[in-house]
Amino acid sequence: MYANPKKIGLVFGAMVGGLHVVWSILVFTGLAQALYDFILWAHMIHLNVVIGPFDATAFITLIIVTSIVGYIVGYVGAMVWNKVHK
């Protein structure tokens, strides 16, 4: 079965970028700290981590970089898949 690297790259890029959009929304609304504290508590981890205030420049950078990395991972993964399954 052939995997289209461009399509899979777009899917991975959208997924990874989309997850970071959700995280940024949580930071913007002030819900990120509560979620992070819950996750650490549920894993029995004790760290003093403070989620900073929303920063639009960091938001844009985060979404662009993670989307590009997600695309690259999906693209390379599809290329490897196609090579292995020839």
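The values are calculated or read from the model by the stated rules, or taken from the named source; none is laboratory data. Since the model is a prediction, treat every value here as computed from it, not as a measurement. Cβ atoms come from the backbone with ideal geometry, glycine included; neighbour counts cover every protein chain shown.
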Lys6 fails exactly one of the following numbered conditions: (1) without any contact (Cβ under 8 Å) to a residue 24 or more places away in the chain; (2) over 12 Å from the mean Cα position of the chain (by Cα); (3) surrounded by fewer than 17 Cβ atoms within 10 Å (Cβ to Cβ). What is the number of that condition?
(1)
Set Val80, Val73: member being within 30 Å of Tyr2 (Cα to Cα) and exposed (fewer than 13 other Cβ atoms within 10 Å of the Cβ)
Val80
Pull out all pairs, ordered by first then second residue, where Cβ-Cβ is under 7 Å, the residues are six or more apart or on different chains, the first lies in the stretch 17-41 and is among the small types (Gly, Ala, Ser), and the second is assigned to a helix (DSSP H, G or I) and at pLDDT 95 or above.
Gly17/Ile63; Gly17/Thr66; Gly17/Ser67; Gly17/Gly70; Ser24/Phe59; Ser24/Leu62; Ala32/Trp23; Ala32/Leu26
Over the stretch 22-36, the set of residues of a type outside the set (S, T, N, Q) and either exposed (fewer than 15 other Cβ atoms within 10 Å of the Cβ) or outside any helix (DSSP H, G or I) (or both) is Val22, Ile25, Phe28, Gly30, Leu31, Ala34, Leu35
Checking the condition part of a helix (DSSP H, G or I), touching a helix residue (DSSP H, G or I) at 6+ places or on another chain (Cβ under 9 Å) and more than 23 Å from Asn4 (Cα to Cα), which residue from Ile39, Ile63, Ile45 passes?
Ile63
